[in-house]
Amino acid sequence: MANFFAKLKQGLSKTRSNIVDSIESVFTSHDKIDDDFYEELEEILVMGDVGIHATEEILDELKLAVKKRECRRPDECREYLIDVIKEKMRVTESDYEFLDKPSVVMVIGVNGVGKTTTIGKLAHIYRNKGKSVLIAAADTFRAAASEQLEIWAERAGVDMIGANDGADPSSVIYDAVNAARSRHVDVLLCDTAGRLHNKKNLMNELEKMNRIIDKNYPGVKRENLIVLDATTGQNALNQAREFGEVAPLSGIVLTKMDGTAKGGIAIAIQSELGIPVKFIGVGEGIDDLQEFDSDTFVNALFDVKMEEEDAFA
Ligand SMILES: Nc1nc2c(ncn2[C@@H]2O[C@H](COP(=O)(O)OP(=O)(O)OP(=O)(O)O)[C@@H](O)[C@H]2O)c(=O)[nH]1
Ligand SMILES: [Mg+2]
């Protein structure tokens, strides 16, 4: 955990210099809280990929807090801003119910965002919780996709249900769901092909997979995670919207938070889409995925020294 926080903090350093350093200068360069002050703050947040919608909400709430607490000096409201952003990104406990119930987790998203890697990391998280895991290699589209997944399954020490390249992905899901049921595994993680260029096909395929799961494993907890690459900034939002039309999304995995200047996208996504960011990835290793925690994230972003950090040390 200590390691993860350090990595997250380091990973967010570009985002920090992109957004937070400018915000800090607004707090110090203005001597009163007025329209100019708010306008400058707004501009920085929007430019920093936080998005217009989220920025407006953040500023409205900040203004309320300033008024309520009769705050006069800009430097005093820095803390309020941090609190407002934390609240905005809070993930509720029920969002992680699927971790504790028998569940089928579909991992979807466009090419190269980190779906397969995320499956490997998720399998590892589940194993560390003492859960039994099965992986379905339902990306039968890209050559060698299942070999790549097999390596992750071995690393995480879990079984995989595969198929030959070009097989019908739905048949893999069918086999995997039946295996998950009969073996009573805690979670079935399904890797899927990353393509959006043929939306109609994708839609049919995802719908078919959904139907197969519902029909063959009624009552199982369903979780559809969309993987988004943080380095793509606003584009990630569009991807989530497009996939959202095809499959009901229950959570977001934001990958490649290490080294991007566009980490502000995490804030935008949550408020623009109303879908919680549930995990973030900060590297290519098996340990580089964590449940999203708004306090940890915002503290790392604003470089807030937190008690936890001492506790981790
Ligand atoms: N730096 C960094 N790299 C990541 C992260 N997650 C995934 N990657 C890298 O991103 C690349 C693509 O990852 P994959 O897991 O193969 O992505 P995918 O979505 O399954 O790709 P397709 O199956 O081809 O659509 C790999 O080189 C991964 O190591 C992350 O959090 N940080
Ligand atoms: Mg893949």
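Which ones in segment 1-19 are surrounded by 19 or more Cβ atoms within 10 Å (Cβ to Cβ) and closer than 27 Å to ASP60 by Cβ?
LEU12, THR15, ARG16, ASN18, ILE19
Among the listed residues VAL298, VAL277, VAL282, VAL304, identify the single one that is of a type in the set (Val, Ile, Thr), touching a helix residue (DSSP H, G or I) at 6+ places or on another chain (Cβ under 9 Å) and surrounded by fewer than 19 Cβ atoms within 10 Å (Cβ to Cβ).
VAL304
Applying the selection to segment 148-176, what residues are within 19 Å of VAL110 (Cα to Cα), within 16 Å of ligand 1 (Cβ to nearest atom) and surrounded by fewer than 21 Cβ atoms within 10 Å (Cβ to Cβ)?
GLN148, ASP165, GLY166
Quick one: which residue in LYS256, LYS262 is within 16 Å of ligand 2 (Cβ to nearest atom), within 21 Å of VAL20 (Cβ to Cβ) and either at pLDDT below 90 or buried (at least 21 other Cβ atoms within 10 Å of the Cβ) (or both)?
Result of the check over LYS256, LYS262: LYS256.
Cβ contacts < 7 Å: first residue at pLDDT 95 or above, restricted to segment 183-197; second residue more than 10 Å from ligand 1 (Cβ to nearest atom) and of a type outside the set (A, V, I, L, M, F, W, C), any location; separation 6+ or different chain. Result?
Every condition considered, the pairs that remain are VAL185/SER132; ASP186/PRO102; ASP186/TYR126; ASP186/LYS131; ASP186/SER132; VAL187/SER103; VAL187/TYR126; VAL187/LYS131.
Does segment 234-249 hold any residues that are crowded, with 18+ Cβ neighbours inside 10 Å and not in a helix (DSSP H, G or I), and which are they?
ALA247, LEU249
Which number in (1) modelled with pLDDT of 90 or more; (2) more than 17 Å from VAL304 (Cβ to Cβ); (3) out of contact with any helix residue (DSSP H, G or I) (no Cβ under 7 Å at 6 or more places or on another chain) marks the one condition that ARG72 misses?
It is condition (1) that ARG72 fails.
Condition first: closer than 22 Å to HIS184 by Cα, in contact with a strand residue (DSSP E or B) (Cβ under 7 Å, 6 or more places away or on another chain) and within 11 Å of ligand 2 (Cβ to nearest atom). Now tell me which residues in segment 117-150 satisfy that.
Residues satisfying the conditions are ILE119, ALA137, ALA138, LEU149.
Table: residues versus (1) touching a residue at least 60 places away in the same chain (Cβ under 8 Å); (2) loosely packed, with under 13 Cβ neighbours inside 10 Å.
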site: LEU41; (1), (2): no, no
site: LEU45; (1), (2): yes, no
site: GLY48; (1), (2): yes, no
site: LEU62; (1), (2): no, no
site: LYS68; (1), (2): no, yes
site: CYS77; (1), (2): no, no
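The values are calculated or read from the model by the stated rules, or taken from the named source; none is laboratory data. These numbers were taken from a predicted model, which means no experiment stands behind them. All Cβ positions, glycine included, derive from the backbone under ideal geometry; neighbour counts span all protein chains shown.
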